[in-house]
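> Starting off with a structure, shown below.
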Amino acid sequence: MYHHVCPADLVPQHSSALEGWQYCLSPDQFRRQLTQVRLRGWRFVSLSSYLTGLRDGTAQRQRLAAVTFDDGWRDNYEFAVPVLVELQVPATIFVVSGAMEGVSSDRRMSVSQLRELADCEIAVGAHSKTHPCLTSLNAVALKNEVLGARYDLQDQIGIDVRFFAYPGGRFNQAVVDSVQSAGYDAACSVVGFARNSFDTRFWLYRDVLEDCAGSLRDYLKLSPVVREYLGWRAAKRVRAALTSPK
C-alpha cells in the first residue's frame, strides 16, 4: 500500500491531514522497494489477477503481489507511474471521486490523467466520494459514498471500476455489505499483514514497507510462512471491525 511518491524537495510545507504526507517515498526509495520485493521471489500482478489467484489457489504457490495506491494524488502520476512502467509493474490506484475537504485539486490527478493510466497497466479503483469515516454514516449516506464513487469514476474514465479501498481503513459489517451491494469484486483494508484468501477479498490485507524493504519487519511481512503463522492477529482485528458499530 502506497500514498505518495515524491522527491523530498517537492513535498509541500503546508497540507491537509487528509493528504497523508507522512506516507511518502522518494522515487528512488519506491524503485528499491519494488526491486527488493521482486528479488525475494514475489511476482507483481494486477489486482484483478491477484483476485483470480486467490480464487484458484495460485496466489500463494506463485507468491503473487499487487501494488496499490490510495487517494489518487498527482505525484503518483508524475513520479510513481514512470517507475511502474520502467519496472513493468501493474498497479491499482484508489481514487476519491469528489472533493476532499481542505485539499486543493492541483494535488490530485485530473480526469485526463486517470484516463491515461490504462495504457500503463494501472487500474482505477474507488476510495469513496469524499474520504469520510464510512462507519459513521447512515445507510443513505453510505450508499452515496460507496456506490456513488463507482458511478462517478465509471462516468469519468469510461471503464468498469471493480475494486474499493476503505478510507482510513475503517470498515464494519454495514460497510462491507454496502461494498458488496455496489457490485465491487473486492476491497482493501489496512488491518495488518496476514495470508490473503478468497474469503478475505472484502478486507484484503495490505502491507506498508519501510524505506528499502530491508528491515526485519519487512522480512517477516514478505515471508509466506510468517504471514500464515501471525495472521491470527490481523484476523482478530477484522472480527473486531465487523462487529463494531463505528
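The values are calculated or read from the model by the stated rules, or taken from the named source; none is laboratory data. Computed from a predicted structure; not experimentally measured. Here Cβ is always computed from backbone atoms with ideal geometry, including for glycine, and neighbour counts include all displayed protein chains. To get the accessible areas, we keep the full protein, side chains included, count just its heavy atoms, and leave off ligands, DNA and RNA. Shrake-Rupley method; radii C 1.70, N 1.55, O 1.52, S 1.80 Å.
> Return the pair list, or none, for Cβ contacts closer than 8 Å from residues in region 3-17 that are in contact (Cβ under 8 Å) with a residue 12 or more places away in the chain and closer than 19 Å to PRO27 by Cβ to residues that are open to solvent by 100 Å² or more (accessible area, probe 1.4 Å) and assigned to a loop (DSSP other than H, G, I, E, B), at least 6 apart or on different chains.
HIS3/TYR23; HIS4/TYR23
> While we're on this one: Given the condition surrounded by fewer than 16 Cβ atoms within 10 Å (Cβ to Cβ) and in contact with a Lys or Arg (Cβ under 8 Å, 6 or more places away or on another chain), answer yes or no: does some residue in region 29-52 qualify?
The answer is yes; a qualifying residue exists.
> Any residue in region 235-246 that is open to solvent by 100 Å² or more (accessible area, probe 1.4 Å) sitting within a Cβ distance under 6 Å of a residue that is assigned to a helix (DSSP H, G or I)? List the pairs, counting only those 6 or more apart or interchain.
Here the result reads LYS246/THR135; LYS246/SER136, each pair linking region 235-246 to a residue that is assigned to a helix (DSSP H, G or I).
> Now a separate question. Can you pull out every residue in region 115-157 that is in contact with a helix residue (DSSP H, G or I) (Cβ under 8 Å, 6 or more places away or on another chain), of a type in the set (S, T, N, Q) and assigned to a loop (DSSP other than H, G, I, E, B)?
Once the filter is applied, which keeps residues that are in contact with a helix residue (DSSP H, G or I) (Cβ under 8 Å, 6 or more places away or on another chain), of a type in the set (S, T, N, Q) and assigned to a loop (DSSP other than H, G, I, E, B), region 115-157 yields SER128, THR130.
> Here's something else I'd like to know. With the requirement that a residue be in a helix (DSSP H, G or I) and modelled with pLDDT of 90 or more, what does region 194-217 give you?
Matches in region 194-217: PHE198, ASP199, THR200, ARG201, PHE202, TRP203.
> I'd like the residue in region 88-131 that is surrounded by fewer than 16 Cβ atoms within 10 Å (Cβ to Cβ) and hydroxyl-bearing (Ser, Thr, Tyr) and, out of all such residues, is nearest to TRP21 (Cα to Cα).
Among those residues, the one meeting the criterion is SER104.
> Can you give me the ranges of the helices (runs of 4 or more DSSP H) entirely in region 1-71 with at least 1 residues that are touching a Cys at 6+ places or on another chain (Cβ under 9 Å)?
So the answer is 27-39, 47-56.
> Filter region 195-219 for residues that are farther than 21 Å from ASP70 by Cβ, of a type outside the set (Phe, Trp, Tyr) and touching a residue at least 24 places away in the same chain (Cβ under 8 Å) and give the result.
Result: ARG195, SER197, CYS212, GLY214.
> Restricting the first residue to region 22-48 and requiring it to be without any contact (Cβ under 8 Å) to a residue 60 or more places away in the chain and at positive phi, which pairs with a second residue that is in a loop (DSSP other than H, G, I, E, B) and open to solvent by 40 Å² or more (accessible area, probe 1.4 Å) meet a Cβ separation below 8 Å and a spacing of at least six or different chains?
Filtered contacts from region 22-48: GLY41/ARG63.
> Out of PHE164, PHE171, I need the residue that is crowded, with 23+ Cβ neighbours inside 10 Å, farther than 23 Å from SER105 by Cβ and either out of contact with any Phe, Trp or Tyr (no Cβ under 9 Å at 6 or more places or on another chain) or modelled with pLDDT of 95 or more (or both). Which one?
None of the other options fit; the residue is PHE171.
> Looking at ARG40 and the list (1) within 21 Å of PRO224 (Cα to Cα); (2) touching a Gly at 6+ places or on another chain (Cβ under 6 Å), which single condition is not satisfied?
(2)
> Please specify each residue of region 53-73 satisfying the condition of being surrounded by 15 or more Cβ atoms within 10 Å (Cβ to Cβ), on the phi < 0 side of the Ramachandran plot and not hydroxyl-bearing (Ser, Thr, Tyr).
GLY53, LEU54, ALA59, GLN60, LEU64, ALA65, ALA66, VAL67, PHE69, ASP70, TRP73
> Going through region 158-183 one residue at a time, which ones are assigned to a loop (DSSP other than H, G, I, E, B) and not acidic (Asp, Glu)?
Within region 158-183, GLY158, ILE159, VAL161, ARG162, TYR166, ARG170, PHE171, ASN172, ALA182, GLY183 qualify.
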